[in-house]
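Notes for the one structure printed next.
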Amino acid sequence: MISYLEFEKPIAALEARIHELRSTADTGGLDLMSEIQKLETKSEQLLARTYASLTPWQKTQVARHPQRPHLRDYLAHIFTDFMPLGGDRLYGEDAAIVGGMARLGDRRVMVIGHEKGHDTQTRIKHNFGMGKPEGYRKAVRLMELAGRFGLPVVTLVDTSGAFPGVEAEERGQAEAIARATEACLSLPVPMVATIVGEGGSGGAVALASAERVLMLEHAVYSVISPEGCASILWRTGERAADAAAAMRVTAQDLLQLNVIDRIVPEPMGGAHRDPAAASQALGAAISEEIDALSGVPAKDLLHRREERFLAIGNL
Amino acid sequence: MSWLTRVRNSLSRTSKRDTPDNLWIKCRSCGEMLFVKDFEDNLSVCPKCDYHGRIGAQERIGQLLDPGFSILPTPKVKEDPLRFRDSKKYPDRLKAARANYPYGDALTNAVGQIEGKKLVLGVQDFGFMGGSMGMAVGAAFVAGIERAIREKCGYVICTAAGGARMQEGILSLMQMPKTTVALRRLKAAGLPYIVVLTDPTTGGVTASYAMLGDVQIAEPGALIGFAGQRVIQDTIREKLPDGFQRAEYLHEHGMVDMVVHRRDMRETLARLLDYLRPVATAA
Ligand SMILES: [Zn+2]
């Protein structure tokens, strides 16, 4: 069962009607095929129309959809032979950030990403994808390992932000994020980052300071959540839709601003409607990007990455 | 913004000579009534309780550098790249912040000396849009470091910021990797990078250049953290520990090397610059 977002109510009504007619047809042997087909066409058109013109705030909701594919799904569909590695060797293991070696086709890579979890139990286990210092320090460890053994680094970013808690502050959340960003920028191997859901502030940048930054079609990437921005600038979280529009959080806007390099299309109606197809498109895009970077000398990779960030927003 | 900060900010816009002798303020910490002149003569530290008041870039540069320094121009950047407007247009907010403000944006660089040791000093000013990090701050940071590399001297930054400049959206976030790129170049050039964390330093600034110093100094009592206290409180729903996110708390948790009183800052920086002299590099 798909769970529908508020703005998908008309689509939900049509799809429910189709479902109802199908069961009637099945049980009563009535010939409702033409009626069903008519409704299906209508529903598909409505879905296409809705998703072609999502507002930034609607995209934010799609990016946060409870059924949106997460790292776990991409690991299953895109990569093989994943070997997760754990711990920062300093304090602990943070399940909000998952990483390890895997194969992408024939290629050995290091995959690192946020995992939000998919039900109550796993969401708690993964702390809703909000990394703590030990998670970011583990990422630094894995990036350094990848650099030493020549494994390209693939990151999948999906977090509302780094965890805002007492123990995270105590253990140096800010420093851990700063070091992870620095580690990205120091990699002697290719790095391809993709914002697959939410790219929330510093907690996202720490895994996304790559020479190639991709975004799924309906993902969002921003300096602060629309609710947070609205509560500071408008003094009410209820202006979140306005804040999302003003901050330009969509992949389409960010491509225009040269903050990202490529948009990966999602299946009609969003990645959650077909995680396998979404994964296939993403896997193909990442493979292409890594192929294009393979053989580039480390010095040039570092230089490209540096120039990329120095140039953003230049006159 | 408290009454004291408001007074302080308006004062930093006038030269000391113009400050009337009879103006007084109330210490934000102990409540003592102080003459502005006495407070300023004491480096804007309360003589009674040692509370370190927030100071602007102009005052901070004057306090730290030997006479004869020069202020570097604020680099030009694309203004209002997102055409952002909340209750006000962003360009109007910028215009208001610049009225009677001596510099271009929230980060100002000066090249000069401390007790004869050459350096480029960057100072972030909380009085200018909360010190927030936008493209102008990022560009100034990069320019300060480029100058330090040319001069073959260290870069010292006094941080103060509520975080990123929301009106520049994602482009403010991109200053985190951008400033980090510049720092990598400074380090590759064998030059020291010293951070002085002042009240307050939070958000994306803390999570990038403010925490990457070769040596980390904090002013007493300064609020330093990644997440805001209200956000944390909303998450954990319990009372925050005493002194949470204050300079002394960070020192205790190993996040800064030392907490240094403002009166000892010049001497401390001079000693550090003497120990961490530039080394010859291949590049
Ligand atoms: Zn006092």
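The values are calculated or read from the model by the stated rules, or taken from the named source; none is laboratory data. Note that the structure is a prediction, hence the values are computed from the model and not measured. Note that we place each Cβ from the backbone using ideal geometry, even for glycine, and neighbour counts take in every protein chain shown. Heads up: the accessible areas ignore ligands, DNA and RNA and are worked out on the full protein's heavy atoms, side chains in. Shrake-Rupley method; radii C 1.70, N 1.55, O 1.52, S 1.80 Å.
Suppose the filter is touching a residue at least 40 places away in the same chain (Cβ under 8 Å), in contact with a His (Cβ under 9 Å, 6 or more places away or on another chain) and part of a loop (DSSP other than H, G, I, E, B); does A:Arg89 pass it?
On the way: touching a residue at least 40 places away in the same chain (Cβ under 8 Å): yes; in contact with a His (Cβ under 9 Å, 6 or more places away or on another chain): no; part of a loop (DSSP other than H, G, I, E, B): yes.
So A:Arg89 does not fit the description; no.
Could you tell me how many of the residues in the range A:92-108 are outside any loop (DSSP other than H, G, I, E, B) and buried (at least 22 other Cβ atoms within 10 Å of the Cβ)?
Here the count works out to 3.
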Quiz prompt | Members of the range A:216-229 that are within 11 Å of chain B (Cβ to nearest Cβ) and either crowded, with 24+ Cβ neighbours inside 10 Å or at positive phi (or both) | solution = A:Val220, A:Tyr221, A:Ser222, A:Val223, A:Ile224, A:Cys229
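Residues are listed down the side, and each one gets a yes or a no for (1) free of Cβ contacts under 8 Å to residues at least 12 places away in the same chain; (2) within 13 Å of chain B (Cβ to nearest Cβ):
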{"position": "A:Asn258", "(1), (2)": "no, yes"}
{"position": "A:Pro265", "(1), (2)": "no, no"}
{"position": "A:Ser287", "(1), (2)": "no, no"}
{"position": "A:His303", "(1), (2)": "yes, yes"}
{"position": "A:Leu310", "(1), (2)": "yes, yes"}
{"position": "A:Asn314", "(1), (2)": "yes, yes"}
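Checking the condition part of a helix (DSSP H, G or I) and in the same structural domain as A:Val154 (by the TED database), which residue from A:Ala76, A:Ala25 passes? I'd like the intermediate steps shown before the answer.
Numbers: A:Ala25 fails: in the same structural domain as A:Val154 (by the TED database).
Every option except A:Ala76 fails the conditions.
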Practice problem: Please work out which residue is farthest from the chain's Cα centre (by Cα), limiting yourself to the range B:51-66 and to residues that are more than 7 Å from the ligand (Cβ to nearest atom) and part of a loop (DSSP other than H, G, I, E, B). | Solution: B:Asp66
Quiz item: Any idea which of A:Ala168, A:Ala146, A:Ala139, A:Ala178 is at the interface with chain B (Cβ under 7 Å from one of its Cβ atoms) and crowded, with 23+ Cβ neighbours inside 10 Å?
Solution: A:Ala178
Quiz item: A:Glu175 fails exactly one of the following numbered conditions: (1) modelled with pLDDT under 95; (2) closer than 26 Å to B:Arg185 by Cβ. What is the number of that condition?
Solution: (1)
Practice problem: Only one of these is within 20 Å of B:Phe126 (Cβ to Cβ) and in contact with a strand residue (DSSP E or B) (Cβ under 9 Å, 6 or more places away or on another chain): B:Ala247, B:Ala207. Name it. | Solution: B:Ala247
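Please count how many residues of the range B:34-45 are more than 10 Å from the ligand (Cβ to nearest atom) and either open to solvent by less than 30 Å² (accessible area, probe 1.4 Å) or more than 21 Å from B:Leu65 (Cβ to Cβ) (or both).
Residues meeting the conditions: 6.
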Practice problem: Tell me which of these B:Gly122 doesn't satisfy, since it passes every other one: (1) of a type in the set (Gly, Ala, Ser); (2) crowded, with 24+ Cβ neighbours inside 10 Å; (3) over 24 Å from B:Ala270 (Cβ atoms). | Solution: (3)
Exercise. Restricting attention to helices (runs of 4 or more DSSP H) lying wholly within the range B:183-283, give those where 2 or more residues are more than 10 Å from chain A (Cβ to nearest Cβ) and surrounded by 22 or more Cβ atoms within 10 Å (Cβ to Cβ).
Key: B:265-275
Quiz item: If only one of A:Arg235, A:Arg305, A:Arg239, A:Arg273 is assigned by the TED database to the domain that holds A:Ala76 and under 26 Å from B:Lys178 (Cβ atoms), which one is it?
Solution: A:Arg305
Self-check item: The listed residue being within 14 Å of another protein chain (Cβ to nearest Cβ), more than 16 Å from the ligand (Cβ to nearest atom) and open to solvent by less than 30 Å² (accessible area, probe 1.4 Å), out of B:Met129, B:Met133
Solution: B:Met133
Quiz item: Quick one: B:Met174 ticks every box in (1) at pLDDT 95 or above; (2) more than 18 Å from B:Arg60 (Cβ to Cβ); (3) open to solvent by 10 Å² or more (accessible area, probe 1.4 Å) bar one, so which box is it?
Solution: (3)
Quiz item: Any idea which of (1) out of contact with any Asp or Glu (no Cβ under 9 Å at 6 or more places or on another chain); (2) modelled with pLDDT of 95 or more is the one B:Gly53 doesn't satisfy?
Solution: (1)
Quiz item: Hey, among the residues in the range B:67-90 that are open to solvent by 40 Å² or more (accessible area, probe 1.4 Å) and not in a loop (DSSP other than H, G, I, E, B), which one's farthest from the other protein chains (Cβ to nearest Cβ)?
Solution: B:Ser70
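Among the residues of the range A:28-52, write down those that are surrounded by 10 or more Cβ atoms within 10 Å (Cβ to Cβ) and either in contact (Cβ under 8 Å) with a residue 24 or more places away in the chain or assigned to a loop (DSSP other than H, G, I, E, B) (or both). If you could, list the steps in order and put the result at the bottom.
Taking the range A:28-52 as the starting set, the residues that turn out to be surrounded by 10 or more Cβ atoms within 10 Å (Cβ to Cβ) are A:30, A:32-33, A:35-51.
Selection gives A:Leu30, A:Leu32, A:Leu39, A:Lys42, A:Ser43, A:Glu44, A:Leu46, A:Leu47, A:Ala48, A:Thr50, A:Tyr51.
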Quiz item: Does the range B:91-105 hold any residues that are touching a residue at least 24 places away in the same chain (Cβ under 8 Å), farther than 11 Å from B:Gln58 by Cα and either touching a Gly at 6+ places or on another chain (Cβ under 6 Å) or assigned to a loop (DSSP other than H, G, I, E, B) (or both), and which are they?
Solution: B:Asn100, B:Gly104, B:Asp105
Practice problem: Could you check how many residues of the range A:1-20 are of a type in the set (Val, Ile, Thr), closer than 16 Å to A:Gly270 by Cβ and in a helix (DSSP H, G or I)? | Solution: 1
Quiz item: Quick one: would you say B:Ile25 is of a type in the set (A, V, I, L, M), closer than 18 Å to B:Gly127 by Cα, within 16 Å of the ligand (Cβ to nearest atom) and modelled with pLDDT of 90 or more?
Solution: yes
Practice problem: Sort out which residues of the range A:199-215 are open to solvent by 20 Å² or more (accessible area, probe 1.4 Å) and more than 8 Å from chain B (Cβ to nearest Cβ), and write them in order of number. | Solution: A:Arg212
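Just one of B:Val231, B:Val260 is of a type outside the set (Gly, Ala, Ser) and over 12 Å from A:Glu169 (Cβ atoms); which is it?
Only one candidate qualifies: B:Val260.
I'd like to check something: does the range B:135-146 contain any residue that is of a type in the set (Phe, Trp, Tyr), part of a strand (DSSP E or B) and at pLDDT 95 or above?
Kept after step one, since they are of a type in the set (Phe, Trp, Tyr), are these residues of the range B:135-146: B:141.
Okay, now just the ones that are also part of a strand (DSSP E or B), so none.
Taking every residue of the range B:135-146 in turn, none turns out to be of a type in the set (Phe, Trp, Tyr), part of a strand (DSSP E or B) and at pLDDT 95 or above.
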Exercise. Check B:Asp18 against each of (1) away from the ligand (no atom under 16 Å from the Cβ); (2) modelled with pLDDT of 95 or more and name the one condition it does not meet.
Key: (2)
Quiz item: strands (runs of 3 or more DSSP E) wholly in the range A:136-244 with at least 1 residues that are hydroxyl-bearing (Ser, Thr, Tyr) and within 30 Å of B:Ser87 (Cα to Cα) - which ones?
Solution: A:153-159, A:220-222
